[in-house]
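I have placed the structure first, in the form of structure tokens, so that the comments after it can refer back to it.
The values are calculated or read from the model by the stated rules, or taken from the named source; none is laboratory data. All values reported here derive from a predicted model rather than from experimental measurement. Here the Cβ is made from the backbone with ideal geometry for all residues, glycine too, and neighbour counts use every protein chain on show.
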Amino acid sequence: MATTDTLPGSPLTRRAFLLTSLGALLALVAGRRWSEASHRVTNRDAARPRRADNLREEAYGTGLALRPTPVDPRGPVFRLNEPAALIWRNIDGRRTIDDLAALLVGRYGVAQARARADTRACLQAFSGAGLAFGLDG
């Protein structure tokens, strides 16, 4: 004979069902967040950054100076060294981070890992200053 604790609809059965359902839901949410996080990292590597279009370029030594347009004499001026200018000139919404890093490798002969890290840092600085977009993939 079955006891009331094991019959369908009893408090124990409901509690067990809720705990099992809650555990499954948490596993699903955690799994989805994990896959989204790993997907974002993959997409960041495949990101195709693009330049802001409200900037005017001016020669600055071997690099480049960027001024927001319309030009405000008191406004910010972004001065880029030669490697940063090379990256800037080549972010067009088609090239990936690896493509941009390959330009540094070809031009300066640095290691691929170093070029990739420097390219990411440069693009993050551009993004933080509002000079480039599309880094999130």
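Can Thr3 be described as modelled with pLDDT under 55, among the polar types (S, T, N, Q) and surrounded by fewer than 10 Cβ atoms within 10 Å (Cβ to Cβ)? Yes; evaluated as a whole, the condition is true for this residue.
Scan region 68-82 for residues that are among the basic types (Lys, Arg) and part of a loop (DSSP other than H, G, I, E, B) and the total you get is 1. Could you say whether any residue in region 69-86 is of a type in the set (A, V, I, L, M, F, W, C) and more than 18 Å from Ala129 (Cα to Cα)? No.
Checking each residue in region 54-67 for being of a type outside the set (Asp, Glu) and not in a loop (DSSP other than H, G, I, E, B) picks out Leu55, Arg56, Ala59, Tyr60, Gly63, Leu64, Ala65, Leu66, Arg67.
Suppose the filter is touching an Asp or Glu at 6+ places or on another chain (Cβ under 6 Å) and among the β-branched types (Val, Ile, Thr); does Thr62 pass it? Spelling it out, Thr62 is indeed touching an Asp or Glu at 6+ places or on another chain (Cβ under 6 Å) and among the β-branched types (Val, Ile, Thr). When you scan region 9-27, do you find a residue that is modelled with pLDDT of 50 or more, touching a helix residue (DSSP H, G or I) at 6+ places or on another chain (Cβ under 6 Å) and surrounded by 11 or more Cβ atoms within 10 Å (Cβ to Cβ), even just one? Checked region 9-27: no residue is modelled with pLDDT of 50 or more, touching a helix residue (DSSP H, G or I) at 6+ places or on another chain (Cβ under 6 Å) and surrounded by 11 or more Cβ atoms within 10 Å (Cβ to Cβ). Pairs are defined by a Cβ separation below 8 Å, a sequence spacing of at least 6 or placement on different chains, a first member in region 50-68 that is under 11 Å from Glu82 (Cβ atoms), and a second member that is small (Gly, Ala, Ser); the pairs so defined are Thr62/Ala85; Gly63/Ala84; Gly63/Ala85; Leu64/Ala84; Leu64/Ala85.
No other residue among Val105, Val110 is in contact with an Asp or Glu (Cβ under 9 Å, 6 or more places away or on another chain), surrounded by 13 or more Cβ atoms within 10 Å (Cβ to Cβ), over 17 Å from Arg51 (Cβ atoms) and free of Cβ contacts under 8 Å to residues at least 40 places away in the same chain apart from Val110. Arg94 meets all of the listed conditions (1) more than 12 Å from Pro49 (Cβ to Cβ); (2) surrounded by fewer than 12 Cβ atoms within 10 Å (Cβ to Cβ) but one, namely (1). Scanning region 54-93 for residues that are over 12 Å from Cys122 (Cβ atoms) and touching a Lys or Arg at 6+ places or on another chain (Cβ under 6 Å) yields a count of 7.
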